[in-house]
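Novice: This is the structure, below, for whatever I ask next.
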Amino acid sequence: MYLIAGLIYRVLAEKGDSIAQYQVGRMYQFGYGVLTDEIRATGWFRKAANQGNVDAQAFLATKYNLGDGVQQDDRQAFLWSLKAASQGDARSQFYVGIDYAKGRGVLRNYEKSVYWYKKAASQKFTKALNNLGISYRLGQGVLQDHKKAVGLFRQSANLGSSEGQYLLGLSYCYGNGVLKNLSQCSVWIKKAYENGDADASKIWDKYELWKYQ
């Protein structure tokens with residue numbers, strides 16, 4: 001199966017088809033029908049990315065971020081993420097927001113960080129909803145607004161994000177942006193724990209939340 005598909009993709013890739021180039025890159029990246037070769041994978045991703053293939057651009061950004069098949073380079077990672085983000089890729093929009101917030105590969109700019117978080121959050125990308133909520137809570141790049149922060153955490157939590165559930169639970173525990181309610185805190189902290197949040201058990205024990213179940 002992989003052999004036949006690989007032959008077809010390779011023929012199309014050699015003819016300049018960007019989707020096929022991306023798929024050949026994935027073949028070499030993950031060893032689908034060929035020996036794993038990170039350098040060849042990078043070469044094919046680059047060919048596709050230079051033609052505007054958004055998946056390849058996002059993948060190339062990750063490779064530069066990790067130093068996988070290329071020399072690690074935060075600036076190149078940012079630039080390729082930005083290209084993918086500008087085409088509407090939510091994950092890349094989130095990572096561009098992270099880069100601006102951390103000053104990674106670009107000068108730190110919290111306002112631009114929030115701009116890109118909002119782009120990804122509008123696509124219901126839960127990590128962006130969480131980070132945008134934290135930005136509102138801290139007043140980084142936006143006016144501080146704890147109620148907006150809680151609203152964003154709630155959106156993320158309702159989409160099944162363990163981090164969103166944890167942050168919403170904390171909001172109820174501390175009465176931050178919402179009336180303090182340990183019963184609601186216990187509900188959301190329990191959900192976060194069941195979904196694998198590593199910090200949820202600490203809050204569960206600290207507030208003895210089993211009493212409010």
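The values are calculated or read from the model by the stated rules, or taken from the named source; none is laboratory data. No experiment lies behind these values; they were computed from the predicted model shown. Counting neighbours? That spans all protein chains shown, and the Cβs are built from the backbone with ideal geometry, glycine included.
Novice: Only one residue in Y28, Y22, Y100 is closer than 23 Å to E111 by Cβ and either part of a helix (DSSP H, G or I) or at pLDDT below 95 (or both). Which one?
Specialist: Result: Y100 is the single residue among Y28, Y22, Y100 that is closer than 23 Å to E111 by Cβ and either part of a helix (DSSP H, G or I) or at pLDDT below 95 (or both).
Novice: Here's another thing I want to ask about it. Hey, could you check segment 104-137 for residues that are more than 9 Å from F94 (Cα to Cα), crowded, with 22+ Cβ neighbours inside 10 Å and hydrophobic (A, V, I, L, M, F, W, C) and say which is nearest to the chain's Cα centre (by Cα)?
Specialist: L129
Novice: Take the residues of segment 158-170 that are more than 14 Å from A128 (Cβ to Cβ) and among the small types (G, A, S): which is surrounded by the most Cβ atoms within 10 Å (Cβ to Cβ)?
Specialist: G169
Novice: Going through R10, R46, R91 one at a time, which residue ends up being touching a helix residue (DSSP H, G or I) at 6+ places or on another chain (Cβ under 7 Å), over 30 Å from Y110 (Cα atoms) and either in contact (Cβ under 8 Å) with a residue 40 or more places away in the chain or not in a loop (DSSP other than H, G, I, E, B) (or both)?
Specialist: Step by step, each of R10, R46, R91 is checked, and only R10 is touching a helix residue (DSSP H, G or I) at 6+ places or on another chain (Cβ under 7 Å), over 30 Å from Y110 (Cα atoms) and either in contact (Cβ under 8 Å) with a residue 40 or more places away in the chain or not in a loop (DSSP other than H, G, I, E, B) (or both).
Novice: A further question follows. I'd like to check something: does segment 182-189 contain any residue that is under 20 Å from L138 (Cα atoms) and surrounded by 14 or more Cβ atoms within 10 Å (Cβ to Cβ)?
Specialist: no
Novice: Would segment 138-152 turn up any residue that is part of a helix (DSSP H, G or I) and within 15 Å of the chain's Cα centre (by Cα)?
Specialist: The answer is no; no qualifying residue exists.
Novice: Among L82, L107, which is in a helix (DSSP H, G or I) and more than 22 Å from A149 (Cβ to Cβ)?
Specialist: Just one listed residue meets the conditions, L82.
Novice: Taking segment 51-66 only, how many residues are surrounded by fewer than 17 Cβ atoms within 10 Å (Cβ to Cβ) and within 13 Å of A13 (Cβ to Cβ)?
Specialist: 1
Novice: A follow-up question, please. Within the set of pairs 6 or more residues apart or between chains, which connect a residue that is free of Cβ contacts under 8 Å to residues at least 40 places away in the same chain inside segment 19-35 to a residue that is acidic (D, E) and outside any helix (DSSP H, G or I) with Cβ atoms less than 7 Å apart?
Specialist: Y28/D37
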